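The values are calculated or read from the model by the stated rules, or taken from the named source; none is laboratory data. Keep in mind that what you see is a predicted model, and the values were worked out from it rather than measured. In this analysis, Cβ positions are derived from the backbone assuming ideal geometry, glycine residues included, and neighbour counts consider all displayed protein chains. Please note that ligands, DNA and RNA were not included when accessible areas were found on the heavy atoms of the full protein model with its side chains. Shrake-Rupley method; radii C 1.70, N 1.55, O 1.52, S 1.80 Å.
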Amino acid sequence: MPKLISTIAGLFVAIIAISQDAGQYSFTHYTAASGLLSNQVNTIVQDEEGYIWAGTTDGLQRYDGVRYKAFRRTEKDSSTIPSNPVWQLLIDKKKNLWVLLADGRVGIFNTKRFTFREVPAHFKKPVSPNTAVKRLITDEYGNMFYLIAGSEVITWNEKANEFSYIHNFF
């Protein structure tokens, strides 16, 4: 009886191993030579349409699988991102593409019109623009938070269109 159980278990394992697909994976390395604005990519997200959005040290880019479209600061155009180094990208429950810049400014990038709308951030304590650890966070209810590590968290209020400690509910 123990031999029969061992044999059946061995056959079961063999059948599973044979039925496993070996899987072929291919990787492509994208660099500045292939169209990226910078070889340093800080953040990547994919939107519901399948576009890949990359935040680099030299701007924001959209990749459609074939070509890149670059979005950078243009001095006389207030609808462009206000500075090029992009620190973090985040897509919220309403499909907004949030952009956190290295200098601490934050806003929503309209992925249809390719425009940027800055969202003011009001902290209780002064925050240095060079603060290394800053993040945008969203919860399962769609609330947006701006975190400055070691300092504070502030909440976005959609009606007021601002991040502020006065909107915190915790």
Residues of segment 115-143 satisfying the condition of being within 24 Å of F71 (Cα to Cα) and modelled with pLDDT of 90 or more
T115, F116, R117, E118, V119, P120, A121, K134, R135, L136, I137
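Taking segment 29-48, which residues are charged (D, E, K, R) and free of Cβ contacts under 8 Å to residues at least 60 places away in the same chain? Quick ask: steps written out before the conclusion?
Step one: list which residues in segment 29-48 are charged (D, E, K, R), which gives 47-48.
Answer for segment 29-48, where residues must be charged (D, E, K, R) and free of Cβ contacts under 8 Å to residues at least 60 places away in the same chain: just E48.
Can K94 be described as among the basic types (K, R) and farther than 22 Å from I137 by Cβ?
no
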For segment 29-57 the number of residues that are surrounded by fewer than 18 Cβ atoms within 10 Å (Cβ to Cβ) and either assigned to a loop (DSSP other than H, G, I, E, B) or touching a His at 6+ places or on another chain (Cβ under 8 Å) (or both) is 12
Please work out if S128 is over 19 Å from the mean Cα position of the chain (by Cα), closer than 23 Å to Q40 by Cβ and not aromatic (F, W, Y).
yes
Among strands (runs of 3 or more DSSP E) entirely within segment 69-120, at least 1 residues that are small (G, A, S) occur in 106-110
Tell me yes or no: at least one residue of segment 66-87 is open to solvent by less than 80 Å² (accessible area, probe 1.4 Å), within 26 Å of N168 (Cα to Cα) and more than 16 Å from the chain's Cα centre (by Cα).
no
Would you confirm whether any residue within segment 145-153 is modelled with pLDDT under 95, under 22 Å from P85 (Cα atoms), exposed (fewer than 14 other Cβ atoms within 10 Å of the Cβ) and not hydroxyl-bearing (S, T, Y)?
yes
Residue selected from segment 157-170 under the condition hydrophobic (A, V, I, L, M, F, W, C) and open to solvent by 40 Å² or more (accessible area, probe 1.4 Å), by the criterion nearest to L100 (Cα to Cα):
A160
For segment 38-52, give me each residue that is out of contact with any Phe, Trp or Tyr (no Cβ under 8 Å at 6 or more places or on another chain), under 26 Å from K134 (Cα atoms) and not polar (S, T, N, Q).
V41, E48
Does any residue of segment 72-79 turn out to be of a type in the set (K, R) and at pLDDT below 80?
no
